[in-house]
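Asks: Mind having a look at this structure? Questions to follow.
The values are calculated or read from the model by the stated rules, or taken from the named source; none is laboratory data. Quantities reported herein were computed from a predicted structural model and do not represent experimental measurements. Every residue, glycine as well, gets a Cβ built from its backbone with ideal geometry; the counts of neighbours run over all protein chains shown. Ligands, DNA and RNA are excluded from the accessible area calculation, which covers all protein heavy atoms including side chains. Shrake-Rupley method; radii C 1.70, N 1.55, O 1.52, S 1.80 Å.
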Amino acid sequence: MSEYLFNRFGEGCWHQTQKPCPDLVDCLREGPKCQQNEAKKAEYAKLMAVYRRDTITKPVIYLGTGTCGLGAGAGKTLAAIKAYLNDKAIDADVVEVGCIGMCSAEPLMDVQLPGRTRVGFTHVTEDKVAALLDGALKGEFDREALLGQIKPQHDGIKAWDDLPFIEDHDFFKPQTRWVLVNCGLIDPGSIEEYISRGGYTALAKVLKSMTQQEVCAEVETSGLRGRGGAGFPAGTKWKFALRESSNQKYFICNADEGDPGAFMDRAVIEGDPHRMLEGMIIGAYAIGADKAYVYIRAEYPLAIKRLVAAIEQAKAYGLLGENILDSGFNLKVIIKQGAGAFVCGEETALIHSVEGKRGMPRPRPPFPAVSGAFEKPTIINNVETLANIASIINNGASWFNAIGTEKSKGTKVFALSGKVNRTGLVEVAMGTTVRQIIEEIGGGIGNGKAFKAVQMGGPSGGCIPQQHMDIEIDYDSLKKVGAIMGSGGMVVMDEDNCMVDVAKFFMDFIQRESCGKCIPCREGTKRMLEILKAITRARRTEGGFQALERFKGIMYLQKLAEVIQDCSLCALGQTAPNPVLSTLRWFHDEYEAHIFDRKCPAGVCTELLIYDIDAEKCTGCTACATQCPAEAIMGKPKTPHYIIQDKCIGCGSCLTTCRFDAITAK
Amino acid sequence: MASVDINQILAKYANAGRDALIPLLQEVQESYGYLSRDAVILIGRQLNLPVSKIYGVATFYNQFRFHAPGKFHVQVCRGTACHVKGSAGVLEAIKRHLKIEPGQTTRDGMFSLEIVACIGVCGLAPVIRVGEEVYAEVTPDKVKRILNSYRRKEAANE
């Protein structure tokens, strides 16, 4: 939308981008305050209803085009929708929205007819568009692709009689959506839609009626803890920075979501960028910073694009820049693209990266709140933390801390992935059990397999086994079982996953990402990986001395892990052995099977398997023999083949090549 | 790919300090595809930094490449969710199909291969990205089809 809404206020309004009015947000929502003009008020009430899409005059088609949607083919679906509307000469709006969170059902399309509720469909690939829209635009819905309708928010909208509500869907019912409330519903490219749903009212309230101390105190009382992993109370941290007197302070939003397996920050920025931006402006005001950075991963091009657009719009409305809402408070937001280093999630490393140096941590104190970026007081908050701020200010601290456990308040977003039926973004109240998330929201494990463990907290976290599935999620209870909240990655594993292999995977990641500053982490993680590799190496490929070393390694694995934990400088090193320690603790038998029986019970560690060809099933197609890198498969064409075990290196390529199930691995 | 003159990029950073180094490197890589030695020297002159320092920073981060990438840059996600769903097999299949290792470019300059930590599409694992296009739920046998579709596209263009 090229026209800014404040241009329509008419006579009496003096608001300009350069000279903002403190009442702007209220005026936008309720009509200009400086005029006693009922017609204008009605006009704005109507406008807001249009932006909320409560009143629409023509059908609206919403399509989820977040990165996950696009991955599932939403780009082609979008083209198909546009072509369909063009062909049939139908006048309808097509809105690209963020992700509602149900990644496994992407691409997701909603259709809303005038005066009726929005109806959602799943798995809308390009070939299904025409058939779905044929019916939907007439009010006939294909039950198979149906997700449900969104509950009507006011009287003007009539619900369809016999359609289920999305809010009652198994995936959404146990959730408490505060951070994700707008994700997938609003157009992330439109600041007006965000304002129409109550956006920027918190900022207006803060700038108009709250002191910096009051803002910090409100956030502190709410009990909001940093959602990036460590869980430090956000308000307390702000107070530290506020207390410092300095001519320059910085506010940094950490959107460097390095944890492989977490994507909530991406989804929030892609689906509702203004929510995070509003939280950041409030935070910067609270500590007295006039420069803010968003440190975001370069791997998220779409999120960066949406964020750039959001910042431009906020500037145009006078919600960013000089003299925000005539309060005398200035804020400049700069986007810094992370260059791909996991360690940059650590505050001091992130600061170094912002300064243009290698992202290496430094000892604390001094804490960044005292001396951070460019040696000035700096506050770093995670995207999700900031996305919570606006609702805390609007609804009060007591509203926020009414939900949650004793020491962890509010909600937490988890990125549910791996071997569950329904993957996606899940926001639950603190205190929800792991079992609820996996079995109710995630719909359990697919293909009739048995649940084995859920990995939480990424490379710094640990696994939660079957027997602890009823644990209530909060920062402290998770620590007790050796996992951490982390940024909220939740990777579910079933019986086909080998825990030694998972530990090896994380160790491989950590040793690559170790910045190299301190020896325990740099060298220790490498040695741990070597030990794990030795455990999963076949006897046929190791000599006597290597076998001896393997045994020595196993004896020292636990001790080495403790040394790394104790002697590393930053959180990356201190938590680096967690994946190994937690799998050792809960899945000792699997390690023993690898070490003593030299077998991988899950059949993942290919080197430990012994391959054989079932002569009954083999057709002699020679496919495996051509694929075998070791030339270990012999046999004439059209006669059963056989494997020479001495030559076999256990790569498993024959197993994946064979189309006749003739190859067995034990 | 070198459509923009490096001096044009450098001109934008006329009075920039050290903190502009990473954005500058990113912008140069964006338009050239990689950081050539000459580019690094020019950047050093611009920011008044020794070349060694710039390499020190550039080699620290995973994003920077020092060899020309292929026409289509293939990124294989090796995040946790992708690993659990079998991305190792996908990577293996791509390696076998393209006959290159991660970090290398095929002889014909068509494809280059890179391992990335996480693309953030964990719900649809395993994923790969070719150029700007993201492919979800990739299996080893889909790899050939995906990569060949680019070969065909390229052949049709010529």
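Asks: Kyte-Doolittle mean at least -1.0 and Cα extent at least 15 Å along the axis: which DSSP H helices of chain A qualify?
Replies: Helix filter hits for chain A: A:38-51, A:74-88, A:212-222, A:273-287, A:301-316, A:383-395, A:499-513, A:519-535, A:544-567.
Asks: Sticking with this structure for a sec: For peptide B:123-130, compute the average count of partner chain beta-carbon atoms within 10 Å of each residue's beta-carbon.
Replies: Mean inter-chain Cβ contacts per residue within 10 Å come to 6.
Asks: Can you list the lysines whose alpha carbon sits under 18 Å from that of A:LYS412, skipping same-chain ones fewer than 8 residues off?
Replies: A:LYS412 reaches A:LYS173, A:LYS479.
Asks: For A:GLN467 and A:ASN395, calculate 0.36 nm times their separation in residues minus their Cα-Cα distance, and state this gained length in nm to one decimal.
Replies: 22.1 nm
Asks: Take every Cα pair under 8 Å in chain A that's 6+ residues apart, average their separations, divide by the length, and report that relative contact order as a whole percent.
Replies: Relative contact order for chain A comes out at 11 percent.
Asks: List nothing, just return the count: lysine pairs in the stretch A:555-663, 8 or more apart or interchain, with Cα separation under 22 Å.
Replies: Values: A:LYS599/A:LYS647; A:LYS617/A:LYS636; A:LYS617/A:LYS638; A:LYS636/A:LYS647.
Close lysine pairs under the 22 Å cut-off: 4.
Asks: Hey, another quick one. Enumerate the lysines that A:LYS480 could reach by cross-link, defined here as Cα to Cα under 16 Å, with residues fewer than 8 away along the same chain left out.
Replies: Partners found: A:LYS407.
Asks: Using the Kirkwood radius over C-alpha pairs as Rh, can you work out the diffusion coefficient of the stretch A:102-206 via Stokes-Einstein at 4 °C, viscosity 1.567 mPa s, in µm² per second?
Replies: Answer, rounded: 85 µm²/s.
Asks: Follow-up. What is the stretch A:406-489 by shape, rounded, prolate or oblate, if you read a ≥ b ≥ c off the alpha carbon gyration tensor as root eigenvalues and call it rounded for a/c under 1.5, prolate for a/b larger than b/c, and oblate otherwise?
Replies: prolate
Asks: Find the sum over both chains of the accessible area lost when A and B are paired, probe 1.4 Å, and report it in Å² to the nearest 100.
Replies: Numbers: alone 27670 and 9280 Å², together 33590 Å².
In total, this chain pair buries about 3400 Å².
Asks: Mind checking which lysines have their C-alpha under 25 Å from A:LYS58, skipping anything on the same chain fewer than 8 residues away?
Replies: Excluding near neighbours in sequence, the set is A:LYS40, A:LYS41, A:LYS46, A:LYS76, A:LYS82, A:LYS88, A:LYS128, A:LYS138, A:LYS151, A:LYS158.
Asks: Would you work out the charge dipole size for the stretch A:303-430 about its Cα centre, treating the Cβ of every Lys and Arg as +1 and the Cβ of every Asp and Glu as -1, and quote it to the nearest 20 debye? Before the final figure, lay out each step's value.
Replies: Working: 15 positive and 10 negative charges, 90 e Å.
In debye, rounded to 20, the stretch A:303-430 gives about 440.
Asks: Place the peptides A:115-127, A:172-184, A:263-275 in order of packing, highest mean first, counting for every residue the other Cβ atoms within 10 Å and averaging per peptide.
Replies: A:263-275, A:172-184, A:115-127
Asks: Quick one: compute the contact order of the stretch A:427-571, relative version, from alpha carbon pairs under 8 angstrom and 6+ residues apart, as a percent.
Replies: It rounds to 19 percent for the stretch A:427-571.
Asks: Which percent of the accessible heavy-atom area of the protein assembly as shown goes to carbon and sulfur, probe 1.4 angstrom?
Replies: Result for the protein assembly as shown: 50 percent of the exposed heavy-atom area is carbon or sulfur.
Asks: If you don't mind, another one. If you take every DSSP beta bridge fully contained in chain A, what fraction is antiparallel? Give it as a percent rounded to 5.
Replies: DSSP beta bridges in chain A are roughly 55 percent antiparallel.
Asks: Same structure again: Averaged per residue, what accessible area in Å² does chain A show with a 1.4 Å probe, protein chains only? The partial results should precede the final answer.
Replies: Numbers: 26070 Å² over 666 residues.
Solvent-accessible surface per residue comes out at 39 Å².
Asks: Dipole size in debye (nearest 20) for the protein assembly as shown around its Cα centre, Lys and Arg Cβ +1, Asp and Glu Cβ -1?
Replies: On the way: 97 positive and 96 negative charges, 381 e Å.
Dipole size: approximately 1840 debye.
Asks: Counting partner chain Cβ atoms within 10 Å of every residue's Cβ in B:57-68, what's the average?
Replies: Partner Cβ neighbours, averaged per residue: 4.
Asks: Tell me, what is the percent relative contact order of chain B, built from C-alpha pairs under 8 Å that lie six or more residues apart?
Replies: Relative contact order of chain B: 19 percent.
Asks: Between the chain alone and the structure with every protein chain in place, find the residues of the stretch A:79-117 that drop at least 20 Å² of accessible area; heavy atoms, 1.4 Å probe.
Replies: A:CYS103
Asks: Quick one: grab the alpha carbon gyration tensor of the stretch A:359-457, order the square roots of its eigenvalues as a ≥ b ≥ c, and give me rounded if a/c is under 1.5, else prolate or oblate depending on whether a/b is larger than b/c.
Replies: oblate
Asks: What shape does chain B have by the C-alpha gyration tensor, where a ≥ b ≥ c are the square roots of the eigenvalues, rounded means a/c under 1.5, and otherwise prolate means a/b greater than b/c and oblate the rest?
Replies: Values: a/c = 2.54, a/b = 1.79, b/c = 1.42.
Prolate is the answer for chain B, as a/c is 1.5 or above and a/b outweighs b/c.
Asks: Place a point 7 Å from Cα of A:SER209 in the direction of its Cβ. Which residues in the stretch A:370-399 have their backbone N less than 20 Å from it?
Replies: What the label zone holds, given the 20 Å backbone N cut-off, is A:389-399.
Asks: Calculate the mean, over all residues of peptide A:261-271, of how many other protein chain Cβ atoms lie within 10 angstrom of the residue's Cβ. Show your work: numbers first, answer last.
Replies: Values: counts 11, 6, 8, 1, 1, 5, 2, 0, 0, 1, 0.
Neighbouring Cβ atoms belonging to other protein chains average 3 per residue here.
Asks: Another question, then. Sorted by packing (mean other beta-carbon atoms within 10 Å per residue), highest first, where do A:519-526, A:391-398 land?
Replies: Highest mean packing first, the order is A:519-526, A:391-398.
Asks: Report the semi-axes of the equivalent ellipsoid for the protein assembly as shown in whole Å, largest first, where each axis is √(5λ) for an eigenvalue λ of the Cα gyration tensor. Walk me through the numbers before you get to the answer.
Replies: On the way: eigenvalues 403, 213, 151 Å².
Square roots of five times the eigenvalues give 45, 33, 27 Å.
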